[in-house]
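Presented below is the structure to which this report refers.
The values are calculated or read from the model by the stated rules, or taken from the named source; none is laboratory data. On a predicted model such as this, the values are computed, not experimentally measured, just so you know. Cβ: placed from backbone, ideal geometry, glycine included. Neighbour counts: every protein chain shown. We work out accessible area using only protein heavy atoms, side chains counted, and drop any ligands, DNA or RNA first. Shrake-Rupley method; radii C 1.70, N 1.55, O 1.52, S 1.80 Å.
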Amino acid sequence: MKNWENYEQECLHYLRKNFGNIAKFELLGGSRSSTSDILVTYPTHNFFIEVKSDISQCGQFVLLPNFEKNQFDYSQKNKSPINLPIKEIISFMNSNFAHFSNPGTAGIKINIPNGEKLFSQFIKQHYRRKNVYFFISGQFQLFPLDKIEQFFSISAVYRQKKSGSRETRESFLNDVMFAIQKHIDLNQIELGIINKRVFISSELEINKLRFSSPYNNYILSHKKNSLYEVRTLSKTNNANVIFSISLNQNAKGLSKSEFLNLISLIPLNP
């Protein structure tokens, strides 16, 4: 289990221990960025708490450099609707197109005037659409989303970022077999299906092994013992505006009574 997974479990345990008598807490998010982390089921309504380590990414959107027009285009694949903070960030980057147009994987920091205010507005709107009302961070401190700029330093960078990987479905089993035999003797592995996803069992040390077919790029992810999941790598490599937060050293989270009071004020139909 990774460090962030351990931390999510610890946050869940803290919430259940301290507030389990008034609400139900369920861990949902994990590595799925489209789903918020902890679902809170309250007698009158539901909402989410987002788990954040002391330094965390906090939302992003894709901007595509348009070299014909010397401007950045908001990708149609973005899930977030374009809003005022995004418009102002794009306007600033357009006015400095040459500076931002080739960010690479290291990225370029977006030092826009009044930046923290704009960035916090984006983060608030981004997470409110996901029905998030609190962050939990540090030593299990709870912070209200609508006041995050009081507790976190907020920054943004424009950089190239691959979209990661996804599960490999059973329909690609033959493709995986064709691709991996270029690297491993098939007699040393066993291909199989678990919950309609492709896995490999082997005594070989093959974690993070990458291999390709004419159709897909794959990577092996170790699960337990001799079991590895076959993950399909994304072929996209777009540049993103990526927001990050860093917990302020002297930040003080909500007291238990303050947290309970704010829960009662959450709209019933957010």
Restricting segment 222-234 to residues that are surrounded by 16 or more Cβ atoms within 10 Å (Cβ to Cβ) and not hydrophobic (A, V, I, L, M, F, W, C), the residue that is nearest to I193 (Cα to Cα): E229
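Checking the condition of a type outside the set (D, E) and within 27 Å of L64 (Cα to Cα), which residue from A156, A179 passes?
A156
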Sole residue being among the polar types (S, T, N, Q), at pLDDT 90 or above and open to solvent by less than 90 Å² (accessible area, probe 1.4 Å), chosen from N237, N207, N187, N195: N207
Close pairs from segment 17-42: first more than 16 Å from Y133 (Cα to Cα) and at pLDDT 95 or above, partner open to solvent by 30 Å² or more (accessible area, probe 1.4 Å) and not basic (K, R), Cβ under 7 Å, at least 6 apart: none
Qualifying position, being without any contact (Cβ under 8 Å) to a residue 12 or more places away in the chain, of a type outside the set (G, A, S) and open to solvent by 70 Å² or more (accessible area, probe 1.4 Å), among I55, I82: I82
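Residue by residue, here is whether (1) in contact (Cβ under 8 Å) with a residue 60 or more places away in the chain; (2) over 30 Å from Q249 (Cα atoms) holds:
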| position | (1), (2) |
| --- | --- |
| L15 | yes, no |
| K77 | no, yes |
| I112 | no, no |
| G115 | no, no |
Selected residue [small (G, A, S) and modelled with pLDDT of 95 or more] from S95, S75: S95
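Select, from S163, S171, S153, the only residue that is of a type in the set (G, A, S), at pLDDT 95 or above and out of contact with any Leu (no Cβ under 6 Å at 6 or more places or on another chain).
Matching residue, one of S163, S171, S153: S153.
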Any chance R166 is closer than 27 Å to Q57 by Cα, open to solvent by 100 Å² or more (accessible area, probe 1.4 Å) and either in contact with a helix residue (DSSP H, G or I) (Cβ under 7 Å, 6 or more places away or on another chain) or in contact (Cβ under 8 Å) with a residue 24 or more places away in the chain (or both): yes
Any chance I263 is touching a helix residue (DSSP H, G or I) at 6+ places or on another chain (Cβ under 9 Å), of a type in the set (V, I, T) and either farther than 30 Å from S153 by Cα or open to solvent by 20 Å² or more (accessible area, probe 1.4 Å) (or both): no
Condition met for Y127 (within 16 Å of F243 (Cα to Cα), surrounded by 15 or more Cβ atoms within 10 Å (Cβ to Cβ) and touching a residue at least 60 places away in the same chain (Cβ under 8 Å)): yes
Complete set of residues in segment 182-201 that are out of contact with any strand residue (DSSP E or B) (no Cβ under 7 Å at 6 or more places or on another chain) and more than 15 Å from E167 (Cα to Cα): I184, D185, L186, N187, Q188
Subset of segment 131-144 [under 17 Å from the mean Cα position of the chain (by Cα) and either open to solvent by 40 Å² or more (accessible area, probe 1.4 Å) or aliphatic (A, V, I, L, M) (or both)]: V132, I136
Qualifying residue in segment 105-117 (condition: under 27 Å from S137 (Cα atoms), part of a helix (DSSP H, G or I) and of a type in the set (D, E, K, R)): yes
Subset of segment 217-270 (residues that are of a type in the set (K, R) and in contact (Cβ under 8 Å) with a residue 24 or more places away in the chain): K223, R231, K252, K256
